[in-house]
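Engineer: Sending over a structure as structure tokens; questions will come in a sec.
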Amino acid sequence: MGKRVAVVGAGLAGTEAAWQLAQRGYEVSLHEMRPNRLTPAHQTGLAGEMVCSNSFKSDDPASATGILKAELTRLDSLVLHAARIHRVPAGLSLAVDREAFARELTEALQKHPKITWIEGVVSAPDPETPTLLASGPLTDEGLASWMTDHLGQRRLFFYDAIAPIVEAASIDRSVVFAASRWGHGEPDFLNCPLDRDAYEAFVDALLAAPKAALHDDVTPFFEACLPIEVMAERGRETLRFGPMKPVGLDDPRTGRRPYAAVQLRQDTLAADHYNLVGFQTRLTWGAQAEVFRSIPGLEQAAFARFGSIHRNTYVLAPEVLDATLAARACPNLWIAGQLSGVEGYLESAAAGLAAAHSIDQALRNLEPSPFPRETVLGALLHYLAHAETKHFAPVNAMLGLLPPLPDGTVDARAAKRAGGARGLKQARGLAYRERALAALEAHLGSLS
């Protein structure tokens, strides 16, 4: 094909986009500033490095992320393929060995004959070259300033946090118990049980612990990924209804549910590291060691990595982007991934894939054709392009973004008789899935 496209950033969005474009015959220049210039969160120069968590969320076929994975599978996603190769036990969720996963992606990109990997910082795109900005929420300041000057909108920010990782050998197996919530699947999580006294003491220590300084006091936290100390500040019971909820986690040694529980999820294929699920934090490192070692089973915890906090940037998508992720004010420019306003690793990869489709259509002089709103991918991108500007915030995949199902699609009475409220929720989710995959097939058929 001979046409060249520039992709800035080898995170999940840039990785997926570069691969998809190369597979379509384009010459791709993939620019990545790491490892020469690391961000406050990254530790390597590998493609698709996951920093906040190792999870791609639920595999439940009736969930929004389950439907999105089905869509990405149909679209031949490299990221999802690599994730399934390097998955680690995580109940009904898809989680990966981060390093093995990132090495798989890096090797695939660097070996592709159509992709040229270029190390270095990009401060501004070449206006003559079709370019995808997928530089992520920790975009270099020079490029971020260029976007502010040329896209006609201010940058937006939120604080995001990382959960700590402990060495498996330091976990007291006589205290923790293996189980997945409600007994679904294999007992893939290690669970630290807390009685009421232990929970109250933990909350007291958490609230009193010193925190790392913030860049400013105006930037909000991302509500779907709050630091645990922020959750605790909203009420002493908040954690018991969030990351420390004990429901569905009966301790097999007692036959009873603990007052609260901390779940540990395997972080590597070798099972030598575990991360504290939902325990993203901005506590100082010394405070993390002291407070988290008060959790039963973690008294001697050795930390492979402490949690941390960083400020993420994203564009005001409804003003900047259309539903194909093309920049309204700059021809030859697209923006994808967390920089575009989607939140989450799965969603970022999906946005990169969608941007590749959009670039391909533009370079073949086809009319822009957004993914249908009935798909989770299309619904995400429709939200970015059409959300209310005043209250715009990053978004995860969720069924609430999809158009409602037509009346009568689901037999609510039959679903409730079969499985109660959960049965009805599952039936609706599966109906959304069927409609989404049918809409995707029709969309792809219209493009062929």
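The values are calculated or read from the model by the stated rules, or taken from the named source; none is laboratory data. These numbers were taken from a predicted model, which means no experiment stands behind them. Cβ: placed from backbone, ideal geometry, glycine included. Neighbour counts: every protein chain shown.
Engineer: Residue 301 passes all but one of (1) among the small types (Gly, Ala, Ser); (2) in contact with a Leu (Cβ under 6 Å, 6 or more places away or on another chain); (3) buried (at least 16 other Cβ atoms within 10 Å of the Cβ); which number fails?
Structural biologist: (2)
Engineer: Collect the residues in segment 383-399 that are of a type in the set (Val, Ile, Thr) and either touching a Ser or Thr at 6+ places or on another chain (Cβ under 8 Å) or surrounded by fewer than 19 Cβ atoms within 10 Å (Cβ to Cβ) (or both), keeping them in residue-number order. Outline the logic, then answer.
Structural biologist: Narrowing segment 383-399 to residues of a type in the set (Val, Ile, Thr): 389, 395.
The answer is 389, and nothing else.
Engineer: If you check every pair at least six apart or on different chains, which have Cβ atoms under 8 Å apart with a residue in segment 205-218 that is closer than 16 Å to residue 284 by Cβ first and a residue that is in a loop (DSSP other than H, G, I, E, B) second?
Structural biologist: 205/294; 209/284; 210/284; 211/282; 211/284; 212/282; 212/284; 214/282
Conditions tested, residue by residue: (1) among the hydrophobic types (A, V, I, L, M, F, W, C); (2) outside the structural domain of residue 392 (by TED's automatic domain parsing).
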residue	(1), (2)
93	no, yes
102	yes, no
135	no, no
143	yes, no
147	yes, no
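Engineer: Could I ask something else about it? Provide a single number: the residues in segment 338-372 that are among the charged types (D, E, K, R) and assigned to a loop (DSSP other than H, G, I, E, B).
Structural biologist: Within segment 338-372, the subset among the charged types (D, E, K, R) is 343, 347, 360, 364, 367.
Within this subset, residues satisfying the condition of being assigned to a loop (DSSP other than H, G, I, E, B) are 343, 364, 367.
Summing the residues that are among the charged types (D, E, K, R) and assigned to a loop (DSSP other than H, G, I, E, B) in segment 338-372 gives 3.
Engineer: Mind checking whether some residue in segment 22-38 is at pLDDT 95 or above, part of a helix (DSSP H, G or I), over 19 Å from residue 136 (Cα atoms) and not assigned by TED's automatic domain parsing to the domain that holds residue 273?
Structural biologist: Taking every residue of segment 22-38 in turn, at least one turns out to be at pLDDT 95 or above, part of a helix (DSSP H, G or I), over 19 Å from residue 136 (Cα atoms) and not assigned by TED's automatic domain parsing to the domain that holds residue 273.
Engineer: Here are the criteria: (1) within 30 Å of residue 86 (Cβ to Cβ); (2) touching a Ser or Thr at 6+ places or on another chain (Cβ under 6 Å). Tell me which single one residue 210 does not satisfy.
Structural biologist: Of (1) within 30 Å of residue 86 (Cβ to Cβ); (2) touching a Ser or Thr at 6+ places or on another chain (Cβ under 6 Å), only one is false for residue 210: (1).
Engineer: What single numbered condition from (1) outside any helix (DSSP H, G or I); (2) closer than 27 Å to residue 34 by Cβ; (3) not acidic (Asp, Glu) fails to hold for residue 174?
Structural biologist: That leaves (2) as the condition not met.
Engineer: Please count how many residues of segment 177-190 are in contact with a Gly (Cβ under 8 Å, 6 or more places away or on another chain), of a type in the set (Phe, Trp, Tyr) and in a strand (DSSP E or B). Break it down into steps so the answer makes sense when it comes.
Structural biologist: Of all residues in segment 177-190, those in contact with a Gly (Cβ under 8 Å, 6 or more places away or on another chain) come to 180-186, 188-190.
Narrowing the set further to residues that are of a type in the set (Phe, Trp, Tyr) leaves 182, 189.
Those left that are additionally in a strand (DSSP E or B): 189.
Residues flagged as in contact with a Gly (Cβ under 8 Å, 6 or more places away or on another chain), of a type in the set (Phe, Trp, Tyr) and in a strand (DSSP E or B) within segment 177-190 amount to 1.
Engineer: Spot the failing condition for residue 245; the list is (1) under 21 Å from residue 160 (Cβ atoms); (2) at pLDDT 95 or above, and only one is missed.
Structural biologist: Here residue 245 clears every test but (1).
Engineer: Please go through segment 108-123 and pick out each residue that is under 22 Å from the mean Cα position of the chain (by Cα) and farther than 20 Å from residue 136 by Cα.
Structural biologist: We begin by selecting, within segment 108-123, every residue under 22 Å from the mean Cα position of the chain (by Cα); these are 108-109.
Answer for segment 108-123, where residues must be under 22 Å from the mean Cα position of the chain (by Cα) and farther than 20 Å from residue 136 by Cα: just 108.
Engineer: Taking residue 301 as the residue in question, decide whether it is in the same structural domain as residue 215 (by TED's automatic domain parsing), over 26 Å from residue 223 (Cα atoms) and not aromatic (Phe, Trp, Tyr). First the steps, then the outcome.
Structural biologist: On the way: in the same structural domain as residue 215 (by TED's automatic domain parsing): yes; over 26 Å from residue 223 (Cα atoms): yes; not aromatic (Phe, Trp, Tyr): yes.
So residue 301 fits the description; yes.
Engineer: Among the residues that make up segment 91-111, is at least one of them at pLDDT below 95 and not hydroxyl-bearing (Ser, Thr, Tyr)?
Structural biologist: For segment 91-111, residues at pLDDT below 95 and not hydroxyl-bearing (Ser, Thr, Tyr): present.
Engineer: Which of the residues belonging to segment 50-70 are surrounded by fewer than 24 Cβ atoms within 10 Å (Cβ to Cβ) and charged (D, E, K, R)?
Structural biologist: Listed by number, the residues that qualify are 57, 59, 60.
Engineer: For segment 146-160, state whether one or more residues are charged (D, E, K, R) and surrounded by 21 or more Cβ atoms within 10 Å (Cβ to Cβ).
Structural biologist: Looking for residues that are charged (D, E, K, R) and surrounded by 21 or more Cβ atoms within 10 Å (Cβ to Cβ), one finds at least one in segment 146-160, hence yes.
Engineer: Same structure, new question: Exactly one condition in (1) of a type outside the set (D, E, K, R); (2) assigned to a loop (DSSP other than H, G, I, E, B); (3) closer than 27 Å to residue 372 by Cβ is false for residue 13; which is it?
Structural biologist: (2)
Engineer: So, residue 373, is that one modelled with pLDDT of 95 or more, basic (Lys, Arg), in the same structural domain as residue 131 (by TED's automatic domain parsing) and crowded, with 19+ Cβ neighbours inside 10 Å or not?
Structural biologist: On the way: modelled with pLDDT of 95 or more: yes; basic (Lys, Arg): yes; in the same structural domain as residue 131 (by TED's automatic domain parsing): yes; crowded, with 19+ Cβ neighbours inside 10 Å: yes.
Yes, satisfied.
Engineer: Quick one: count up the residues across segment 343-382 that are under 18 Å from residue 441 (Cα atoms) and among the aromatic types (Phe, Trp, Tyr).
Structural biologist: Of the residues in that region, 1 qualify.
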